[in-house]
Amino acid sequence: MLEERVFTAVGTSNIALIKYWGKRNEQLILPTNSSISLTLDENLSSRTSVIFSERLDRDSFYLNGKVQDINDGELKEKFQIINRLRTMAGVRDNILVVSENNFPTAAGLASSAAGMSTLVFAASNALGLNLTQRDLSIVVRMGSGSACRSIAGGFVRWNRGELDDGSDSYAEQIFNESHWPEVTDVIAVVSEGKKRISSRSGMRQTMQTSALYQSRPQFAERMARELAEAIGRRDFNALAEIAIRDSNNMHATMLDTYPPISYLNDTSREIMNAVHEINESAGEALAAYTFDAGPNAHVITTDRHIASVRERLSEIDGVSRLIESKAGRGPRILGESESLIDVGSMLPKRSSGDE
Ligand code: 2P0
């Protein structure tokens, strides 16, 4: 039997500079191309406490103070990862998960990457599974693809892999968080009108219907090789062009999906124009934009240009808030005083967020 103990971890989101959009195996979550991301810092983090106990009569999950229905849809699919971990550890106890994001979950800021990577990190520690970073990334990947890149800090590559069993499709750090400390992500939170289609179903529809998608895996694979070299030599001009082109390539396949998927809105497009204007008037790249499955812009820049980029972005109508992030260092276990679980009642601790 497992010792009854709370494990608490903090982990962060990541922003893909080479995007993952499409699976070659849906069950194992194997991607059609490699992707590269920057792990973000604790300005975009998830804190998660877990406990396995025979006193719990079922699994439960609280997010930002609210109980979640883990038998519903995609959450049910993603929560299967807990069964996988229990099987690996030979444990049958139920789990209580209490998680808090310090950034707006609904704003489409890849909260699932922070949440899933932190959950698997905390739960695998609680189960005493001594996973290598590679194996940890493989387990996280089976929960949610993009999350597997949040298992390490700095610049991380999720290798496509060739094998059918997915054992060579893992994430690894290619440069640590100190390699290029000037690089900063200025996130422009853009207000969203309508509900988005989930990434999981969006990428399936793109693969099924987009003619342009045929050329995407090869293009992204080449961009991934070039980006890794550009980061290695700290070449911001090259990083900017590659990141912009890859983001636009992915969004072009979304628009080419039938019925079309469009995550960007007018504010997003205004931000794109602003970045090109900034770069053209400087005669070199000072900033790059990249967009995930939502209208929020991640504007990548360097220390010298943060202030002017922020100023330009805050002038744009529809930008509600700017969040800044450097390269983060990956997930870590926190001390007992940081726990979100009250072991006596086996419920979330009361927090100011409950009121
Ligand atoms: C990425 N995105 O590389 C891309 C760019 C969104 C756009 O990975 O089905 O939540 O759980 O593997 O990881 C979002 O998709 O999808 C995503 P699943 P996921 O970050």
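Before moving on, here are some points about what is shown:
- Exclusive hit being more than 11 Å from the ligand (Cβ to nearest atom) and not in a loop (DSSP other than H, G, I, E, B), set N43, N71: N43
- Only one entry in R134, R149 is assigned to a helix (DSSP H, G or I), open to solvent by 50 Å² or more (accessible area, probe 1.4 Å) and touching a residue at least 12 places away in the same chain (Cβ under 8 Å), namely R134.
- Within region 76-86, the set of residues being within 17 Å of S198 (Cα to Cα) and either acidic (D, E) or surrounded by 14 or more Cβ atoms within 10 Å (Cβ to Cβ) (or both) comprises E77, K78, F79.
- Cβ pairs under 9 Å, 6+ apart, first in region 252-279 and touching a residue at least 60 places away in the same chain (Cβ under 8 Å) and outside any helix (DSSP H, G or I), second surrounded by fewer than 19 Cβ atoms within 10 Å (Cβ to Cβ) and of a type in the set (S, T, Y): N265/S191
- Looking only at residues of region 1-13 that are more than 16 Å from the ligand (Cβ to nearest atom) and part of a loop (DSSP other than H, G, I, E, B), we find that the one that is surrounded by the most Cβ atoms within 10 Å (Cβ to Cβ) is V6.
- Subset of region 14-31 that is assigned to a strand (DSSP E or B) and open to solvent by less than 10 Å² (accessible area, probe 1.4 Å) - its residue that is nearest to D185 (Cα to Cα): I15
- The residues in region 166-196 that are in contact with a Ser or Thr (Cβ under 6 Å, 6 or more places away or on another chain) and in a loop (DSSP other than H, G, I, E, B) can be counted, and the count is 3.
- When restricted to residues that are within 12 Å of the ligand (Cβ to nearest atom) and without any contact (Cβ under 8 Å) to a residue 40 or more places away in the chain, region 152-172 contains 1.
- Top-ranked residue of region 272-308 - restricted to ones that are over 22 Å from S13 (Cα atoms) and of a type in the set (A, V, I, L, M), ranked as most open to solvent (accessible area, probe 1.4 Å): A307
The values are calculated or read from the model by the stated rules, or taken from the named source; none is laboratory data. The structure displayed is predicted, hence computed values, not measured ones. All Cβ positions, even for glycine, are placed from backbone atoms using ideal geometry, and neighbour counts span all protein chains on display. The area values use the complete protein model at the heavy-atom level, side chains included, leaving out ligands, DNA and RNA. Shrake-Rupley method; radii C 1.70, N 1.55, O 1.52, S 1.80 Å.
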